[in-house]
Amino acid sequence: MLKFVHAADTHIDSALSGLSAHDNAVPDLMRTATRSAFSNLIDRTIAEKAAFLLLVGDVFDTAWKESNTGMFFVREMARLNVAKIQVVMLRGNHDAANEMTKSLPLTPNVHILSSEAPETVRFDLDGVRVAVHGQSFKHAETTQNLLSKYPAPLDGYLNIGMLHTGLEGNTPHGNYAPCSLDELKNKGYAYFALGHIHLHQIHCEAPWVVMPGNLQGRHVQELGPRGAMLVSYENGELQPPQRIFVDVLRWQMAEVDISTAKTRDDVVAQAGVVFRQLLDDADGRPLACRVTLTGKSAAHGALFGQEQLLRAELTAQAINVGGEEIWIEKVKVRSEPATDALVIAARGDALSELQALLGDAAKDPEFLASLESEFAVLLSKMPHDIYRQEVPALRAVRDGDFATLIREIAPSVLDRITLEA
Ligand SMILES: [Mn+2]
């Protein structure tokens, strides 16, 4: 049996973003995660006794700022060389050939595919002949179809294509080296090792057309487990590729339905249950979470305008549940008041009147102008670090958008009164 590993978008030395030091985040892990994931990939490749490793572009996030990044890569490649594992790599839009001005000598097991024309690397591995075809990006802005010039499959070989591509371009990742799935299928290769799009996807099973996804989630847009593909070739046939997870930290959405919560304490307790569940499902990895509170809740009114406090309480809860294993990226309050505006209007009591008053206030230019002048005095006295805080209500005040402020606050005010009545 022959095995190989297919990885892409390792973005070595790109830092994770979205967690800051003032929370209980470990800054070291944020900085070193992409490197650690890459080392895990090499460990796993050696442990699996793979014959070769394919790195399909964006191996590096940018040109090396210092030789340190390059030296790390040299060391990892040398480990594979000792284990007699071959490497075929190509350059993508993040590490295009003309951007990578610095270079260091590498062990002879590493083949970097040409950026001038498609190139084929051949191996004879325990009687299995393998041909790997591919081309590096010369410039970051490579928007022509590279695939069309790839060679025909070689007879008697296991043919593998490597391509860094935005496919047909319907992704937020840019339309690099575009091509269609039909073009890939019609090439006559047994396996297409793709790269560029960070989300894992198997596009086709016959032949295999596989996007491994990136190696390590770097922010809240890159959710869930991340890694590479392990592929086996047995009795003249490729077996279904398996995902291997080498990430060292995971991003997740922590959605907390607070419909049954009555107080902020209830909200924090319910968030704890969600944190516990996410942590149980994280394969022992630390987690970075975006917390979103949803549902019609009696606790909604107690959350509004309390973003800083709520965040502190949820962070404390995260520490209670997971120690240093779960961090909070952001808290989004998407819950709604328990009582509908229509229900309140139908009551025909003092509360309905207050609701109507608040509704009119948002449309009263004189009242809005008076708010503006009163807040102007307040804002001028506010310490700069507080002034800059990204709190929705404060942002509305800064922007002079008092109508929005009233519309947002009104349901919470009514909710608090309803609950206390
Ligand atoms: Mn890319």
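What follows is calculated from the coordinates using simple rules that are stated; it is not laboratory data. All figures in this text were calculated on a predicted structure; none of them were measured in a lab. Neighbour counts run over all protein chains shown; Cβ positions are idealised from the backbone, glycine included.
Under a GNM of the chain (C-alpha, springs under 10 Å), which listed residue has the highest mean-square fluctuation: Val397, Val110, Val132? Taking springs between Cα atoms under 10 Å, the residue moving most is Val397.
With neighbours defined as other Cβ atoms within 10 Å of a residue's Cβ, the residues Asp364, Asp13 order from fewest to most as Asp364, Asp13.
Comparing region 295-407 with the 2.2 N^0.38 Å rule of thumb, its C-alpha radius of gyration ratio is 1.33 (two decimals). Over all Cα atoms in region 210-286, the spread is summed up by Rg and Dmax: 18.0, 63 Å. Entry note, region 2-245: relative contact order of 20 percent, from Cα contacts under 8 Å with a spacing of 6+ residues.
So what's the projected area for region 160-298, the Cα convex hull averaged over all directions, in nm²?
Values: hull surface 43.0 nm².
Taking a quarter of the hull surface, the average projection is 10.7 nm².
Taking other C-beta atoms within 10 Å as the exposure proxy, Ser259, Ser335, Ser14, Ser380 rank Ser380, Ser259, Ser14, Ser335 from fewest upward. Here the gap between Ala83 and Leu104, fully extended at 0.36 nm per residue and compared with their Cα-Cα distance, gives a gain of 5.5 nm.
Taking every alpha-carbon pair under 8 Å whose residues sit at least 6 apart, region 137-215 reaches a relative contact order of 26 percent. Using the Cβ-Cβ distance between His203 and Asn235 with R0 = 25 Å, the FRET efficiency computed as 1/(1 + (r/R0)^6) comes to roughly 0.50.
Distances longer than 40 Å among the Cα atoms of the chain: what percent of all pairs is that?
Numbers: 32024 of 88410 pairs.
Within the chain, distances greater than 40 Å cover 36 percent of Cα pairs.
Computed from Cα positions, the angle between helix 264-280 and the longest principal axis of the chain comes to roughly 10 degrees. Largest mean-square fluctuation among Leu223, Leu394, Leu238, in a Gaussian network model of the chain whose springs join Cα atoms under 10 Å apart, belongs to Leu394. For the chain, the relative contact order works out to 13 percent when only alpha carbon pairs closer than 8 Å and six or more residues apart are counted.
With neighbours defined as other Cβ atoms within 10 Å of a residue's Cβ, the residues Tyr150, Tyr157 order from fewest to most as Tyr157, Tyr150.
Computed from the C-beta positions of Glu141 and Ser36, the FRET efficiency with R₀ = 35 Å rounds to 0.70.
Modelled label positions at Glu48 and Ala345, each set 7 Å beyond Cα in the direction of Cβ, lie 6.1 nm from each other. Note on the chain: GNM, Cα springs under 10 Å; of Ala282, Ala140, Ala346, the largest mean-square fluctuation is that of Ala346.
Among the trypsin sites (Lys or Arg not before Pro) within region 201-299, which fall in a DSSP loop and have no more than 13 other Cβ atoms within 10 Å of their own Cβ? All intermediate terms of the calculation are to be shown ahead of the outcome.
Numbers: sites: Arg218, Arg226, Arg243, Arg250, Lys262, Arg264, Arg276, Arg290, Lys296; in loops: Arg218, Arg226, Lys262.
Here no loop site has a sparse enough neighbourhood.
The lysines whose alpha-carbon is closer than 21 Å to the alpha-carbon of Lys102, local same-chain residues fewer than 8 away aside, are Lys65, Lys138.
Residue-normalised convex hull volume from the C-alpha trace of region 2-245: 121 Å³ per residue. Between region 284-334 and region 80-146, the C-alpha centres lie 44 angstrom from each other. Site pair Thr260 and Ser180 shows an inter-label distance of 5.2 nm when each label is modelled 7 Å from Cα along Cα→Cβ.
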